[in-house]
1. Could you tell me whether any residue of the stretch 385-397 is in a helix (DSSP H, G or I) and over 23 Å from residue 78 (Cα atoms)?
2. Out of curiosity, is residue 298 within 30 Å of residue 420 (Cβ to Cβ), polar (S, T, N, Q) and open to solvent by 10 Å² or more (accessible area, probe 1.4 Å)?
3. Does residue 318 count as over 14 Å from residue 416 (Cα atoms), at pLDDT 85 or above and aromatic (Phe, Trp, Tyr)?
4. Only residues that are modelled with pLDDT of 80 or more and over 19 Å from residue 119 (Cα atoms): list them for the stretch 72-94, please.
5. I'd like to know if the stretch 370-384 contains one or more residues that are under 18 Å from the mean Cα position of the chain (by Cα) and at pLDDT 85 or above.
6. How many residues does the stretch 333-346 contain that are surrounded by fewer than 18 Cβ atoms within 10 Å (Cβ to Cβ) and closer than 17 Å to residue 262 by Cα?
Amino acid sequence: MSSAQSSTQPPDQPADQPPEQSVENPTDQPPGQARRRIAPMLIVLLGGLTALGPMTIDLYLPALPHMTRELHSSQTLLQLTLTAALVGLASGQAVVGPLSDAVGRRRPLLVGLGTYAVASVVCAVAPTVEVLVAGRVVQALGGAAGIVIARAIVRDLVSGREIARLFSLLLLVTGLAPILAPVVGGQLLRLGSWRMLFGVLTAFGVVLFVGVLFGLRETLPVERRRHGGARDAAHSYLRLVRDRSFLGYALAGGFGFAGMFAYISGSPFVYQEVFGISPQFYGVLFGLNGLGLMAFSQTNGRLVRRVDPRRLLAIGQFTSLAGAILLVLAAATSVGGVVGVLLPLFVAVASLGMVGPNAMALGLAQHPEMAGTASALIGTLQFVVGALAGPLVTAVQVRSALPMATVVAGCVVLGILARVVLTRDRSEEASEPESPEELSGRRARPATASAEEG
């Protein structure tokens, strides 16, 4: 992965810069770092890191009904394995984000990936659902490092609308995870039990660990790191929470993710137990929604350089709302059977491919001086809200698609309200990317000045 290494060459070594690196608009980057091409192998590695979340959540979805019987458990108790993963991903990001701003990206990433691999082994051999839930928490704590630090690395290397474009590109890479994971999981169930699926997750964690160890250099120079320990981290979180516009974008993305997670947690039972679909065909249907998510995200990546990201975010939200309303009607009336549920669900979920990248980019663009902490708070909100939404779907025995449809629609509505109410006062400021002069002026200020302003 030498190409990935060259793309993250430390800024204090300009003499070693390879000829193929492109230097454009130096003032549009963090201090001391010229704009470089991000090597394709680095994009693949970052995509793999952000795919830890969907892989951890989606790979074993086809096995949930089988696990319920094998572990002598209930739907609600098995749902806790999903909720445990979200809790671990949320709390892990809250800790790792500020830590990576203080000590750099690489070391916390390696520790997290090592933890992920070991915990995956524990999940694979878990004798009871209680042990599995505990293993899932630790597994997700380790996986959180990959998710939050990958986003922070993007913010280290690019800025402006390029952030949204690169997030859309990463979603193309990570979009393969929710498509392939349930399909692969369903096929692996033909060869063995659900425990094999956690063996696959172990191997995935090991591959990423090796990739980071040999293919990623540090992207956060020492002079740009934040100091002050837990007190500084708490102060940074307080600054972000007080920023209404940032909070609005974070919640818009968080409720979008919660709607998707309501679909993720409810669809195995709706498709397999309500409509009688096999685990293998369920994986195919789940993959179709993943393809739609990728299509919307790539359309967003092409449009974001010409269209205001706020407008794209609104389009994604209202398209998702239209699909959610039709989904509720189909679930309540049983019109069309499984097709009546599948089509509006496709619209509601796929259009979130325009919500996530723009909400994330608009939130991170306002706080480049603490990208790791901002990324952590956005990710934490996503998984906390998702953890609350998921159990609502299976709070009662799933006998129709209506509980899932209702939760999905409610999350979409709350996401729209968060964007409209919290970001309206700064719509003009947030809709336009910062100019090079503004970026260089703001980044030239010392970190202590930024903290005093908070």
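1. no
2. So residue 298 passes the test.
3. No; evaluated as a whole, the condition is false for this residue.
4. 94
5. Within the stretch 370-384, not a single residue is under 18 Å from the mean Cα position of the chain (by Cα) and at pLDDT 85 or above.
6. First, pick out the residues of the stretch 333-346 that are surrounded by fewer than 18 Cβ atoms within 10 Å (Cβ to Cβ): 333-339, 343.
Now restrict to residues that are closer than 17 Å to residue 262 by Cα: 343.
Within the stretch 333-346, residues that are surrounded by fewer than 18 Cβ atoms within 10 Å (Cβ to Cβ) and closer than 17 Å to residue 262 by Cα number 1.
For (1) within 20 Å of residue 282 (Cβ to Cβ); (2) crowded, with 22+ Cβ neighbours inside 10 Å; (3) without any contact (Cβ under 8 Å) to a residue 40 or more places away in the chain, each residue gets a yes or a no:
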{"site": "59", "(1), (2), (3)": "yes, yes, no"}
{"site": "105", "(1), (2), (3)": "no, yes, no"}
{"site": "115", "(1), (2), (3)": "no, no, yes"}
{"site": "123", "(1), (2), (3)": "no, yes, no"}
{"site": "134", "(1), (2), (3)": "no, no, no"}
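This table checks each residue for (1) of a type in the set (Val, Ile, Thr); (2) at pLDDT below 90; (3) over 26 Å from residue 120 (Cα atoms).
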residue: 202; (1), (2), (3): yes, no, no
residue: 220; (1), (2), (3): no, yes, yes
residue: 235; (1), (2), (3): no, yes, yes
residue: 242; (1), (2), (3): no, yes, yes
residue: 251; (1), (2), (3): no, no, yes
residue: 258; (1), (2), (3): no, yes, no
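The values are calculated or read from the model by the stated rules, or taken from the named source; none is laboratory data. It should be emphasised that the depicted structure is a prediction, and the values quoted were computed from it without experimental measurement. Cβ coordinates were reconstructed from backbone atoms using ideal geometry, including for glycine residues, and neighbour counts include every protein chain displayed. These area figures cover heavy atoms from the full protein model, side chains too; ligands, DNA and RNA do not enter into them. Shrake-Rupley method; radii C 1.70, N 1.55, O 1.52, S 1.80 Å.
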